[in-house]
Amino acid sequence: MSETSHDKILIVDFGSQVTQLIARRVREEGVYSEIVPFQNAAAAFAAMKPRGVILSGGPASVLDEGAPLAPQAIYDSGVPVLGICYGEQAMAQQLGGKVEGGHHREFGRAEVEVTEDTKLFDGVWRKGEKYPVWMSHGDRVTRLPPGFKAVATSPNAPIAVIADEARKFYAAQFHLEVVHTPHGAALIRNFVRKIVGCAGDWTMRAFREESIEKIRKQVGKGRVICGLSGGVDSAVAAVLIHEAIGEQLTCVFVDHGLLRLGEAEKVVTLFRDSYNIPLVHVEAEKLFLGALEGVTDPEQKRKIIGKLFIDVFEDEAKKIGGAEFLAQGTLYPDVIESVSFTGGPSVTIKSHHNVGGLPERMNMKLVEPLRELFKDEVRALGRELGLPEAFVGRHPFPGPGLAIRCPGEITREKLDILRLADDIYIEEIRRAGLYDDIWQAFAVLLPVRTVGVMGDFRTYDYVLGLRAVTSTDGMTADFYPFDMRFIGHVATRIVNEVKGVNRVVYDVTSKPPGTIEWE
């Protein structure tokens, strides 16, 4: 639980796949938020002392025996509460209303009509008007709890929004946090800023100052080694820690042979030349590729790479001597994705090699200064710290590197093919002025070979997949709609210039919360 002194919003997670988006919407208002599973909500509420609480959606039915509910202490505390989807049903059921099943299920776009004015709608929705929303429910509220009034309705959810103005309790049957509810973010803003009264003073400048003090307090006069992966997260973590403790930090950059073209040289130059941060460059390609030989399962690849990272850090810590702490660039999505909150659809969508602690034998403590941040917040912090825009604005790169962009067995030959093809793809995206419009773009060397014809010769080479997505925080993603002439141009370059590839495909699938990698 965060020790930040700013106003806080606690989000009780009932298992929705989009709970993370609620946290993002709250943070967009400059208000700190944290997500906790409903099982831990009572303890978290007591420890966090939030100014307000939001109850998420979820896959369960409140009519089921043992259905997840919010702690009664939240309702009795006097803090404002906002329920979303399942959160509305839980609130209604717990406070004396009635929820029924067996009605028409509703998933997708719908329209609600505002029937009463309320502070939740202030300046956003007007009485008598209709607005598009995104529904996802089977049950619905059929009787209001005492003290509540219905303030909006829809054909399949007659009690679509409820409000108890006196207690500052509000709830909606639809999802306010998704972009498919166009005014949803503004309604959340009204709750957080106008109803709860949060100041909105949680900024990256404040986070930087507070984190520096927090790091100094945690580390004292101890020594820290920081594992650099070549990505933005670990780089920002390293610069932040260096600002806090200076020469007490030594960075360890493990070149595992799974990096992008020219990646190692860029990292070494940035840290040694630009920041003068002590840096140990470990060339460990043979070690990693040897351990990955013959391995095809992507989860096993992650585990092997994660273990080797720890082993290398342990060896380097012994050489450096006296290091008590290991710093990592763990982010909030890493933590969320690696924890089973409810046992519902949101359970462990992906594992992350940064999460899960360290072997006891290392006798080291973790320093994770970015653990509370989403990706876009890390970029903002990087700019606050003065990192070059060319580095801060780079597309995310996974810790396991190209290992999860090379499905099937990994070989140096396949990695070299992938590196060159990926470099051409990114070069053309930059040349077209599209790089900053895209959250992440990368190539994938598929474990498929096809027969083709190049000139007067038949070929039997690999199929290369291209992926590009738009996103805000990396929790959900949609494919980038390239002009097909652009894809054709890139494909032609790759087939002509990269020996070993004779066919290129573009992935146009969208992704719900979870990994946006292609494994």
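Of the three principal axes defined by the Cα atoms of region 114-248, the extents in descending order read 64, 32, 25 Å. For region 149-154, putting each phi into the Karplus relation 6.51 cos²θ - 1.76 cosθ + 1.60 with θ = phi - 60° gives couplings of 9, 7, 10, 7, 9, 9 Hz, in residue order, rounded to whole numbers and with x for Gly and Pro. Between Ala199 and Glu213, the simple label model (points 7 Å from Cα in the Cβ direction) yields a spacing of 1.2 nm. Can you give me the relative contact order of the chain as a percent, contacts being Cα pairs under 8 Å and 6 or more apart? Once divided by the residue count of the chain, the mean separation gives 12 percent.
Tell me, what is the FRET efficiency for Ser274 and Asp64 to the nearest 0.05, using R0 = 60 angstrom and their Cβ-Cβ distance as r? Given R0 = 60 Å and the Cβ-Cβ separation, E is 0.60. Can you tell me the orientation of helix 375-384 relative to the chain, as the angle in degrees between its alpha-carbon axis and the longest Cα principal axis, to the nearest 10? Roughly 70 degrees, rounded to the nearest 10.
At the listed q of 0.12, 0.13, 0.19 Å⁻¹, the Debye profile of region 370-445, built from one uniform point per Cα, gives log10 I(q)/I(0) equal to -0.43, -0.50, -0.91. Couplings 3J(HN,Hα) of region 158-168, computed from phi: x, 10, 7, 9, 10, 8, 10, 4, 5, 8, 6 Hz, in residue order, whole Hz [Karplus 6.51 cos²θ - 1.76 cosθ + 1.60, θ = phi - 60°; x for Gly and Pro]. Approximating the spin labels as points 7 Å out from Cα along Cα→Cβ, the Ala206-to-Glu283 distance works out to 4.8 nm.
Under a 5 Å amide H cut-off, with hydrogens placed 1.01 Å from N, His395 pairs with nothing among residues at least 5 apart or on other chains.
In this calculation the C-beta distance from Arg143 to Tyr75 is compared with R0 = 22 Å, giving a FRET efficiency of 0.80.
Given +1 at the Cβ of Lys and Arg, -1 at the Cβ of Asp and Glu and no other charges, the dipole of the chain around its Cα centre is 360 debye to the nearest 20. Taking 0.36 nm per residue of separation and subtracting the Cα-Cα distance, full extension of the segment from Glu165 to Val335 would add 57.7 nm. Across region 170-233, the volume of the C-alpha convex hull divided among the residues equals 176 Å³ per residue. Remark: region 35-46, residue by residue, has Karplus-estimated 3J(HN,Hα) of 9, 9, x, 4, 5, 9, 5, 5, 5, 5, 4, 5 Hz, where x stands for each Gly or Pro and the curve is 6.51 cos²θ - 1.76 cosθ + 1.60 at θ = phi - 60°.
Per the 1.4 Å probe, what fraction of the accessible area of the chain, in percent, lies on carbon and sulfur atoms? Roughly 49 percent of what the probe reaches on the chain is carbon or sulfur.
By how many degrees, between 0 and 90 and to the nearest 10, does the Cα long axis of helix 484-497 differ from the longest principal axis of the chain? Helix 484-497 sits at roughly 30 degrees to that axis. For Ser33, the residues 5 or more places off, or on other chains, whose built amide H falls under 5 Å of its own are Ile9. The Cβ shell under 12 Å around Glu100 holds other residues with a net charge of +2, Lys and Arg each +1, Asp and Glu each -1.
Please sort 228-241, 63-76 by packing, taking for each peptide the average over its residues of neighbouring beta carbons within 10 angstrom, highest first.
Values: 228-241: 24.9, 63-76: 14.2.
Top to bottom by mean Cβ count within 10 Å: 228-241, 63-76.
Per residue, the accessible area of the chain comes to 41 Å² when a 1.4 Å probe rolls over the protein heavy atoms. Dividing the summed helix terms, -39500 (n - 2.57) for each DSSP H run of n ≥ 4, by the number of residues in the chain produces a 222 nm estimate of -9000 deg cm²/dmol to the nearest 500. The amide H of Arg503, built 1.01 Å from its N in the peptide plane, has Leu464 as neighbours under 5 Å, considering only residues 5 or more places off or on other chains.
The values are calculated or read from the model by the stated rules, or taken from the named source; none is laboratory data. As the structure is a prediction and not an experimental result, all values here were calculated from the model. Don't worry about glycine lacking a Cβ; one is built from the backbone with ideal geometry, like all the others, and counts go over all protein chains shown. All accessible areas refer to the heavy atoms of the entire protein, side chains included, with ligands and DNA or RNA removed. Shrake-Rupley method; radii C 1.70, N 1.55, O 1.52, S 1.80 Å.
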